[in-house]
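Presented below is the structure to which this report refers.
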Amino acid sequence: MATNTREDSSGSSIHKRLPERFSVQRALELLGLIDGDNSDLDVSDNDDPILDGNYQPSPQEESSSEDSSDDEDPISEPTDHSLGCKHADSADNGSWTGTETGTETGTSTGSSRTLRRRRQSLIEADSSEDNLKEPTPRPSQTKKKKKGDSEQGRGLRWKATPLRPNLAEYLHQDETDLGRHGWTPLEYFEQYIDRDLMMTIAECSNITSMSKSGEPLNMTVDEVYHLFGACILMSCIRYPTIRMYWSKALKITAITDKFTRARFFKLRGAIKVVIDHDVPEDLRMSDKFWKVRPFLDRILRGCLSLNRPDCASIDEQMIPFTGACPYRQYLPMKPNPVGIKNFVCATADGIVLDFELYQGTGSLIEKVEEPEGRSLGCLVIERLCQTLHRGTKVYCDRFFTTIKCVQRMMEKELYMTGTIMKNRLAEAKHKLPSDKAMKNAGRGTSSEVSAEDGKLCVVKWYDNKPVLMISVVHGTQPEDTCQRWDKKIKQYVTVSRPSIIREYNIKMGGVDLMDRMISYYRMSTRTKKWTMRMVMHFTDLALANSWLLYRKDHAVCAGSKTRPIQFLQFRMEVATILLAQHHGADADLSKQSEEEKKNQGVKRHVTALPHISVRRRATAHLPEMIGLKNAMRCRQLGCIGRTRVRCMTCKVFLCLQTERNCYSAFHK
């Protein structure tokens, strides 16, 4: 311990022990006392690293300094010991007044700020030297990621080398084994909606109606066929309102001859696919779409029966519905932003192979093996790829694509290609040129980096904006050219395009093609029931799938000799066949009660009134007397009388009496 000797007023020497190590606060006080002149001050025995001119901060100290906020004072508070020394010195010297204390405090604050600036400059200098030596950021400079952020690409080393894909061989399935040669439109449609499903709908609707109202609905299987046929025909021939299909001027006899308008609305509102009382409570909790599950399963079974191609695309689909329904979603970038989200796996031709209705991440976790740590997009990819063969190439957008998901699918010998977000690339984005550099290089500029093993690559291509792609199949080579519109010169320009961009554009649009086909003739009758909306949407999906499969088979079998029928004609043929369905085996369901038949009565034919131009031809109208047991009501407006006189041209009964001559008034 160092000692200091001084004399008191009596002349005796007093020995005072000083601490061997100065505190920071003590050093600041001494600096303040000498008014900033510290040239003669010896602080060599102070081992505080802040005051050392050759000090280089350690990573732990640097990280702790970065973690502290800018408003925090990194200098420690003075201890009681240091405060005691301060008061002792002030008492001995007799020079510590209130004013001087304030001055010293201001000086101390200024000195602490100076030290903080000196320390910050040392840290920045150290960081700049490290950055010059090694481009990889130090652990202290790496920002902490938020909880849930993907740590994609950790452990991968990226190099500016071309992709070296190592793909498993895809086993091709022969189309001729399916035996669809010569199929009619109805046979394509019955892959998805068959007679068993129609019988289930009729049975469940009758039972539910009886349990709710106590009155029999008496829905027959034929009426279910007619109802679906009428809805399909209405989507092909659109009227502003459904009631107009039964109007006298615009009625469609194919619909009006099957059921009345009231019967149509009654059947449409009573359609059921399940009996609610038979569904257990645990199934209702686990499956939000249990009310239409048998219908969805039948459509899905038809999709799963199709051939699995070597390329497939996965994307979102929106079922438009703005009413109350479980798991209604809002996607502002979609053409129909409000509705039920459906994840779809389709071919490049638009044929749906599989689908999964979104009802939360929990439902997907139950259907996927080892779901721990998987994002929603990765769970969807794994669920929809379960029915694909090994060697299949899968294309998806950036919602689904992560490096971990691509690697996981590669282990299952399924090879992904898609766009990817910049924040999911980890270290790969540092190996690619910046957006500004690629913009200066011009449109069509591309760059590629690959993983160390050469099985995974990331491509950046600049068109109007930079596009990031990831793939285990395609790279930049071979490049080709494409036409792009230039806003400045107002014409198309030729732009070079990497191979991965070309393949993605060709094979990614299957789900969008299906959405476009459905939107042409959507069964969009106004309804408040989400169950009816779901039944109509998946009926449209079955029709679009049927026509796309028919067109594909026609190209294989008929070639270019004949043209396939158009989608509108295909739908109308299916609707016409459904409206003409009649099965005599439905005796148990087709028997109506005698009481209902009596209430309906005998259906009379009512003659329509002729046009005013026909009624006013004076020489063309002659009356005739009809021998009827009961006189007919007069057709003149406002007359309530009955008569047996009929106009031979107009075929309407009119009064011809002295008191009221409706015959003359009707023809004037």
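The values are calculated or read from the model by the stated rules, or taken from the named source; none is laboratory data. As the structure is a prediction and not an experimental result, all values here were calculated from the model. Here the Cβ positions follow ideal geometry from the backbone for every residue, glycine too, while neighbour counts run over all protein chains shown. Only protein heavy atoms, including side chains, enter the accessible area calculation; ligands, DNA and RNA are left aside. Shrake-Rupley method; radii C 1.70, N 1.55, O 1.52, S 1.80 Å.
Measure up LYS266/LYS529; LYS460/LYS490; LYS341/LYS507 against 19 Å on the Cα-Cα distance and list the ones that go over.
LYS460/LYS490; LYS341/LYS507
For ASP276 and ARG261, calculate 0.36 nm times their separation in residues minus their Cα-Cα distance, and state this gained length in nm to one decimal.
Length difference between fully extended and current span is 2.7 nm.
Between THR494 and THR161, what FRET efficiency follows from the Cβ-Cβ distance if R0 is 22 Å, with the result rounded to 0.05?
0.20
Please report the carbon-and-sulfur percent of the accessible area for segment 284-346; probe 1.4 Å, protein heavy atoms only, DNA, RNA and ligands left out.
Answer for segment 284-346 is 55 percent, counting heavy atoms of protein chains only.
Given a cut-off of 25 Å, name the pairs among LYS393/LYS439; LYS436/LYS488; LYS455/LYS552 whose C-alpha atoms lie farther apart than that in the structure shown.
Beyond 25 Å between Cα atoms: LYS393/LYS439; LYS455/LYS552.
Heavy-atom accessible area per residue, segment 354-512, 1.4 Å probe: how many Å²? Present the calculation step by step, with values, prior to reporting the outcome.
Numbers: 7310 Å² over 159 residues.
Result: 46 Å² per residue.
Please compute one quarter of the surface area of the Cα convex hull for segment 436-552 and express it in square nanometres. Before the final figure, lay out the partial values.
Working: hull surface 49.2 nm².
Spelled out: convex hull of the Cα atoms, projected over all directions, averaged, 12.3 nm².
So if R0 is 56 Å, what FRET efficiency would GLU479 and SER247 give, r being the distance between their Cβ atoms, rounded to the nearest 0.05?
0.35
Report the full-extension gain for the segment LYS529 to THR361: residue separation times 0.36 nm, less the Cα-Cα distance, to one decimal in nm.
58.0 nm
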